[in-house]
Each structure stands twice: as structure tokens, then as C-alpha cells.
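Asks: The structure under discussion is supplied below as C-alpha cells; questions concerning it will follow.
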2 protein chains.
Amino acid sequence: MTYIHFMGRRSDHSRAELEELILSTGSTLIAETGLAGFSAREVARRIGYSIGTIHNVFGTADRLVAAINTRSFKDWAASLRERLNAVGPDGDRIAALVDGYFGFAREHPHLWTAIFDHRLPPDGGLTEADETGRALLTRIVVEEIARAVGCEVDDEVAALSRSLIATVHGHCSFAISGAWSLMGEAAPEAAALARVREALSAWDVCLTQS
Amino acid sequence: MTYIHFMGRRSDHSRAELEELILSTGSTLIAETGLAGFSAREVARRIGYSIGTIHNVFGTADRLVAAINTRSFKDWAASLRERLNAVGPDGDRIAALVDGYFGFAREHPHLWTAIFDHRLPPDGGLTEADETGRALLTRIVVEEIARAVGCEVDDEVAALSRSLIATVHGHCSFAISGAWSLMGEAAPEAAALARVREALSAWDVCLTQS
DNA sequence: TATAAGAAATAGACAGTGCTCAATTTGTGA
DNA sequence: TCACAAATTGAGCACTGTCTATTTCTTATA
């Protein structure tokens, strides 16, 4: 008859609540200031806990950022699913996919940028939970590409999907960082979509011939 | 009859020599430790000058990193030109271009990563000299793509070129960051090349039809 | 009920960082 | 020889992440 839930000294927040509080506050901070302006101390200040508490819960500032990025990944995947549901089974799902990729980056440029700018120290890789959370987005795309080319999900389709993700990512990356506008490019998203369509039609031709 | 050249106190290094010294030492430091391990103080330590000197010459650590990245860009462009010369006018110049893009990233992963991870503070953009130095790489690609599709260099070809750069960049980015190997992708460079070839042949079809 | 045990939270020290600016060289032209 | 002015220094400031000793509170036991 033991209560394992409230073992700490503060009853303000349970461990889970504290994790959530740190995570969402950290996410807001990155959204506001970008990864460069992020600091674990500032997160502690905002939630009214000391810096040591952050360390207790997340171990390292890097691991906290990794957790925040995983959360961004999940939100991103969710918004992608929403768009796919919105266009329906007969809509232009490929366009929805590309627009979903760009959409999250445009709406949350700092969060999106943080995902790809952050590097973990060489020793400590991602958590199992991080890995699976991030794999969601890839899985959605793989499923959609399989649907688009009318195949089962196999290694070949998965490889094509990753290549298409990389293609769209490159365009989005330049668009968000601003390197693109300096070069006078007007419609990076349209270009990305064009490249994807070309690859898909090349794949169809390949299938027909074999 | 006034000599304006030697106004300083140290004859160890002229201003230009000092700039070069800081730049090359900083470049080596990033190549060794990555952008995260970079510090202006460490550069000062290594060249035997004080931290103040770095600030006199480059103003800000961010501007120093920007200058280092511009230097990387130039080296990158030079190695691209070399590869193009090596394959000659009748070789597979498109493959050489893609391989050159990946090649620099593979040989100098930290320098390459630093180029795209570094963000200047919102107020201070890049120098004129930085801009032109970085534009070199794009120009090389635009010229080659014009050659490949047998056109003059115009806005359309330039837009296509930027889109192809983005495509290759996306693949290279995932390959270097390691996100790729986690997904089990074996040949990111081959995939990038395939996407580029598809885009070029789609362009050819487009030209033939019009 | 009183007390021992133990975990959460904290405070604060440590070693770094970038940036500033008064004080200090020191080469040079007068 | 001297004075000037540019180049260089480095202590000081406000930060940062990380870590350990300490406090504070809850729970379980005697």
C-alpha cells in the first residue's frame, strides 16, 4: 500500500508535469529566440525553478534541446497528417506533402531550423524515444510515396522516399535560411514540387518498361 | 614622402598577415573540433596574440566565423573547378559536379557543416566580399548546367541550377549529418545524381516539345 | 507519534565563453 | 632624441553549462 507518486519535496509539479513544463517552455524559448538564443538557465528562470532542476530532469542542455526537437518533429508529423486528411484520398497528396514540409518550416522557422542545426556531442546519441518519435515523419512520407507509385512499401520505395525528402529538404533549407532570396529565387516550394514530380514520373516510366 | 604602410608597433606580422594567420588558424580549429568547439579565445591562444587583437581585426566572433566560412566556400569552388578540368570537356561533367559537392563535404565535414550551421545575428548581414566569394560556387554550377542543356545562361537556367543545387545539398546534408545512415541509406550520392539527371532530361523533353 | 531514511530541489562554485576599454607598449616621423 | 599615434594587451563584466554539497520535504518505519 505504498504511494510511489509523490516522493519529492515539492508538490507544485509531479515529475511528469515538470518534464512537460520544461519541454514546452524550452520550445517556446527556441521559437522566440532561435537555437543561438537558447539557454537552459533562461528556461529555469521562466519556470521558477533553479538550473539544477533542469539538470536533474534532462541531464544535459544538449539532451534537453534534443527532446525539444523530437517534440517539434512530432508536431510536424501531426500537421502533415492533418493536411493529408484535409485533401482526402483523391486530392493532390504529393503537393500536400511538400506544402506540409514547407508549411511547418514557414510557421515555426526557429523550431524547424533548430532541428537541423543542433548536433549532439559525439558520445551521446539520441534516445530510443527520440529515434522513434522522429521516424514518424519518414514513415508518413514512405506510405504516401508507395501509394503514389502504386506499390507495396519495400526497400526500393523507402529509398526513393528518403531521396525525395532530401530533395524537398534542400529546397526548404535554402528558402528558410534566406540563402535563396539572395539568389533571387521566387518559388522554392514550386521548384521542389517540380523535382519530386519528375522523379515520380521517371519511376513510373521505369516500372512500365520492366 | 610619407610611408603609410608600417604604422603599427609589432613587426611580427603586417595587418594582412595577421588576418591570414587568424583566418587559417580559425579554419583549422573548426576543422578539428567543429563549430561547437570553436572559440575566438582559443584562436588567440594558438597564434600567441591576445583576445583583443582578434576583435580589432574581425570585430566579432560571428564575423570571424563568417569569414572562415567564406574561405571554405572558395576552397570548395576551387576543388570543383579542378574536378571539372580533370574530367575534360567530353567527360561526365554533371557527375563531376555532384561528386565535387559531396567530395568537399566528405573531406572536410566540420568545415562544410559549419558553413550551413552558422547564423549571423539578425542585424549584421554578410560583407560584400563574403557575398561575392560565396557566389562563385553557384556561378560554376549555373555555367555547367547551361552547358549541359545547351542553352545560354538566362534566368530560367539559373533557377533550374539553384533547384539542382538544393537537391544535391539536401542529399549531402543528410549524408554528412548521419541522419541518412540511421535510415539505412547506402548511396546518397548516387540518389542525388539520379534526381539531377531526371530533372535535366525532363528539361530536355520540355525544350524539344516547345 | 516520533524518527530515520531518502529523494527532489537548491545554492553556489568552477571553468569556460564573448565583448569592452583604459592602460600600455613600441615603431615611426619630426 | 622626442613625441605621437597606432597596435596590443588583459583585467573586468555578464554570461554560459556542468557538477557537488547541502537543504528541505515526504514517506516509511520503529
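Read-outs throughout are calculated quantities, based only on the coordinates presented, and are distinct from any laboratory measurement. Values in this document were obtained by computation on a predicted structure and should not be read as measured data. Please note: Cβ atoms are built from the backbone with ideal geometry, for glycine as well, and neighbour counts cover all protein chains shown.
Asks: Convert each backbone phi in segment B:58-67 into a coupling constant with the Karplus relation 6.51 cos²θ - 1.76 cosθ + 1.60 (shift: θ = phi - 60°), then list the ³J(HN,Hα) values in order as whole Hz, x for Gly and Pro.
Replies: Working through the residues one at a time gives 10, x, 8, 4, 4, 5, 5, 4, 4, 5 Hz.
Asks: Put +1 on the Cβ of each Lys and Arg and -1 on the Cβ of each Asp and Glu in the protein assembly as shown; which of B:T113, B:G48, B:I22 then has its Cα farthest toward the positive end of the dipole?
Replies: Going by the charge dipole, the pick is B:G48.
Asks: Would you kindly derive the ³J(HN,Hα) couplings of segment A:73-83 from the backbone phi angles with the Karplus curve 6.51 cos²θ - 1.76 cosθ + 1.60 (θ = phi - 60°), listing them in order in whole Hz, with x for Gly and Pro?
Replies: Taking θ as phi minus 60°, the curve returns 4, 5, 4, 4, 4, 5, 5, 5, 4, 4, 4 Hz for segment A:73-83.
Asks: Treating each Cα of the protein assembly as shown as an identical point scatterer and ignoring solvent, apply the Debye formula and state log10 I(q)/I(0) at q = 0.10 Å⁻¹.
Replies: -0.79
Asks: Using the Cα centre as the reference, give the magnitude of the dipole from point charges on the C-beta atoms of segment B:69-209 (Lys, Arg: +1; Asp, Glu: -1; all else neutral), rounded to the nearest 20 debye. Walk me through the numbers before you get to the answer.
Replies: Working: 13 positive and 21 negative charges, 63 e Å.
Using Cβ point charges on Lys, Arg, Asp and Glu, segment B:69-209 gives about 300 debye.
Asks: What list do you get for B:I176, A:I30 if you sort them by fewest beta carbons within 10 Å? Please report the intermediate quantities before stating the final value.
Replies: Numbers: B:I176 18, A:I30 25.
Least crowded to most crowded, the residues run B:I176, A:I30.
Asks: Between chain A and chain B, with a rotation axis joining them, whose C-beta in A is nearest that axis, and what is the whole-Å distance?
Replies: Measuring from each Cβ to the axis, the minimum is at A:G170, 1.
Asks: Of the GluC sites (Glu not before Pro) in segment B:80-162, which ones lie in a loop per DSSP and count no more than 14 other C-beta atoms within 10 Å?
Replies: Those satisfying the criteria are B:E152.
Asks: If each of A:S39 and B:E17 carries a label point 7 Å out from its Cα toward its Cβ, how far apart are those two points in nm?
Replies: 4.0 nm
Asks: Starting from the eigenvalues of the Cα gyration tensor, five times each then square-rooted, give me the equivalent ellipsoid semi-axes of segment B:4-94, largest first, whole Å. Walk me through the numbers on the way to the answer.
Replies: Working: eigenvalues 213, 59, 19 Å².
After scaling each eigenvalue by five and taking roots: 33, 17, 10 Å.
Asks: What are the label-to-label distances in nm, one decimal and shortest first, from A:T127 to the same spot in the other copies, with labels 7 Å along Cα to Cβ?
Replies: 4.4
Asks: Place the label 7 angstrom along Cα→C-beta at A:S24 and in each other copy, then list the distances from the first to the rest in nm, shortest first.
Replies: Output for A:S24: 5.5 nm, nearest copy listed first.
Asks: To continue, here is another question. Quick check: pseudo-label points 7 Å beyond the Cα along Cα→Cβ at A:D204 and B:I51, how many nm apart are they?
Replies: A separation of 6.2 nm, rounded to one decimal place.
Asks: Could you pull the copy-to-copy label distances for A:E156, with points set 7 Å along Cα to Cβ, in nm to one decimal and sorted shortest first?
Replies: Distances to the matching label points in the other copies: 3.4 nm.
Asks: Continuing with the same structure: Positive end of the dipole of chain B, charges at C-beta (+1 Lys, Arg; -1 Asp, Glu), about the Cα centre: which of B:I94, B:L84, B:S72 has its Cα farthest in that direction?
Replies: B:S72
Asks: Related question: Tell me whether segment B:69-209 comes out rounded, prolate or oblate; compute the Cα gyration tensor, take square roots of the eigenvalues as a ≥ b ≥ c, and use a/c under 1.5 as the rounded threshold. Could the numbers behind the result be given before it?
Replies: Numbers: a/c = 1.63, a/b = 1.23, b/c = 1.32.
Oblate is the answer for segment B:69-209, as a/c is 1.5 or above yet b/c matches or exceeds a/b.
Asks: Mind listing the Cα extents of segment B:13-59 along all three principal axes, in Å, largest one first?
Replies: Extents along the principal axes: 28, 18, 17 Å.
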